[in-house]
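Down below is the structure, laid out as structure tokens.
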Amino acid sequence: MNALHRDPSSYISAMFSYEFLDGGIDYDSIEQIHRGEFDEWIFALAGSGLFTNEEVRSMVQEWRLNPKTLLNTLLADADEVTAKRCEVTWAALDRVAPFAPSVPVAVFG
């Protein structure tokens, strides 16, 4: 059997782009992606029936290496202003990430 190689990014964009269309920016989602928290998207992809287990594993591996690839996929159909706003948010998260604690901080008081 001769299988065609397909780019799953267009399917992912179609599934999740509603979060980033028409200026409806979901800043919490951008922060989650920046932190490498992909469970929500992995669960949806795996349960969609559109992707094989190997395709899901491959996408997750790519996202872990470079989380911004998921953001870029989600922004594929976004308008220019929305995309720019998301880029600015991502850049701000990049700037504060080195200062963010890597483990939860206990506060006593």
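The values are calculated or read from the model by the stated rules, or taken from the named source; none is laboratory data. Since this is a predicted model, take the numbers as computed values, not measurements. Virtual Cβ from ideal backbone geometry, glycine too; neighbours counted across all protein chains shown. What goes into the accessible areas is simple: the full protein's heavy atoms, side chains included, and nothing from ligands, DNA or RNA. Shrake-Rupley method; radii C 1.70, N 1.55, O 1.52, S 1.80 Å.
Structure summary
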{"item": "Restricting segment 70-82 to residues that are assigned to a helix (DSSP H, G or I) and open to solvent by 30 Å² or more (accessible area, probe 1.4 Å), the residue that is farthest from ILE12 (Cα to Cα)", "result": "VAL81"}
{"item": "Matching residues, segment 54-84, being at pLDDT 90 or above, more than 12 Å from the chain's Cα centre (by Cα) and closer than 17 Å to TYR27 by Cβ", "result": "LYS84"}
